[in-house]
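A short write-up of the structure that comes next.
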Amino acid sequence: MNTNKNEKFSATTEMDNGTCTVFLQGELDLSVAPEFRQIMEPLVENSEQDLVLNLKHLKYIDSTGIGILLSILKVRHGMNAQFYVREVPAQIQKLFDMTGIAKFFASQENSQ
């Protein structure tokens, strides 16, 4: 991982009532993609719990990070398991809108 970055990436998980929430912080890009995939893989495969990504403290995401989110969405959809993306910062929402992926997360954004 590039230690010169101002916003070091971290992902913390919280389990509550059948829901696993993953709080992302910092910058999700190519340099941390392997770490993020390793964290997410066992969580994505568990269809017994809803999966939520909270992006409130995410400062930046590149195409690699977006690709991982789409992969998670695809796997969860194939398993008929719930996947939500919540508290998307304005600058990241703008990117989601520009790339056309917002529509895939929009219907899940406010669901409970």
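The values are calculated or read from the model by the stated rules, or taken from the named source; none is laboratory data. Here the structure is a predicted model, which is why all the values come from computation and not from measurement. Heads up, the Cβs are rebuilt from the backbone with ideal geometry, glycines too, and the neighbour counts pull from every protein chain shown. Just so you know, the surface numbers come from the protein's heavy atoms only, side chains and all, with ligands and any DNA or RNA stripped out. Shrake-Rupley method; radii C 1.70, N 1.55, O 1.52, S 1.80 Å.
Quick rundown of the values:
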quantity	calculated
Members of the stretch 19-57 that are in contact with a Phe, Trp or Tyr (Cβ under 8 Å, 6 or more places away or on another chain), open to solvent by 30 Å² or more (accessible area, probe 1.4 Å) and either in contact (Cβ under 8 Å) with a residue 60 or more places away in the chain or within 16 Å of ILE92 (Cβ to Cβ) (or both)	GLN25, GLU27, LYS56, HIS57
Filtered residues of the stretch 65-92 (kept if of a type in the set (D, E, K, R) and in contact (Cβ under 8 Å) with a residue 12 or more places away in the chain)	ARG76, ARG86, GLU87
Total residues in the stretch 58-100, condition part of a helix (DSSP H, G or I), surrounded by fewer than 16 Cβ atoms within 10 Å (Cβ to Cβ) and among the small types (Gly, Ala, Ser)	5
